[in-house]
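This report concerns only the one structure given below.
The values are calculated or read from the model by the stated rules, or taken from the named source; none is laboratory data. Note that the coordinates shown come from a computational prediction; the quantities given were computed from them, not determined experimentally. Ideal geometry is used to build each Cβ from the backbone, glycine not excepted, and the neighbour counts take in all protein chains shown.
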Amino acid sequence: MSERRLMVWSRLVAAIAIVGVMAVVAMSAMAASSGGARLSVHSSEFGKAVFGPSGKVVYVFGADHGSVSRCYGVCAAAWPPLLTTGATKRKNGSVQVTYNGHPLYYYSADKVGKVMCQHANMHGGLWLIIKPNGQPNMAQGKMHM
């Protein structure tokens, strides 16, 4: 009798585990199709870097505090925020992508796959590309204007 109970309990535990895995897979699929921005990692002259859905590298701004953007007006014209749907809202209600808690931006003069403005001090802060681990890349760069 105890051997039979063990077999029933084993099957029950296995069934619960399968249902749990199926639920996780379903939630992941829904999250992936929610229309959020897809970031990717590519090699650059400064090592591996994070790129946005446009194929352009993304930057972080040293003047930002946490996930709060400090780049508006003329700054945002030169450094457009990477926008999506989600929880990090800008003053105008648009939603900005963050990575490791940093709001992300493009540089308006960048070309696809090319880093044009690494380690630039503009608009009150330092602009840096971001490493795949979420840390700003402190490598010295040149501005290509």
Requested in this report: Look at the range 48-77 and say how many of its residues are within 10 Å of Ile129 (Cα to Cα) and in a strand (DSSP E or B).
Outcome: 8
Requested in this report: Tell me, yes or no, whether the range 127-136 has at least one residue that is surrounded by 14 or more Cβ atoms within 10 Å (Cβ to Cβ), at pLDDT 95 or above, over 16 Å from Lys48 (Cα atoms) and of a type outside the set (Asp, Glu).
Outcome: yes
Report summary line: Of the residues in the range 89-98 that are surrounded by fewer than 19 Cβ atoms within 10 Å (Cβ to Cβ) and either at pLDDT 90 or above or not charged (D, E, K, R) (or both), the one that is farthest from the chain's Cα centre (by Cα) is Asn92
Requested in this report: For residues that are over 19 Å from Lys56 (Cβ atoms) and in a strand (DSSP E or B), tally how many sit in the range 78-94.
Outcome: 5
Report task. Scan the range 86-105 residue by residue and report those that are in contact with a Ser or Thr (Cβ under 7 Å, 6 or more places away or on another chain) and in contact (Cβ under 8 Å) with a residue 40 or more places away in the chain. Result -> Val97, Pro103, Leu104
Query raised in the report: Where residues in the range 102-126 are under 19 Å from the mean Cα position of the chain (by Cα) and surrounded by fewer than 13 Cβ atoms within 10 Å (Cβ to Cβ), which of them is modelled with the lowest pLDDT?
Result: Gly113
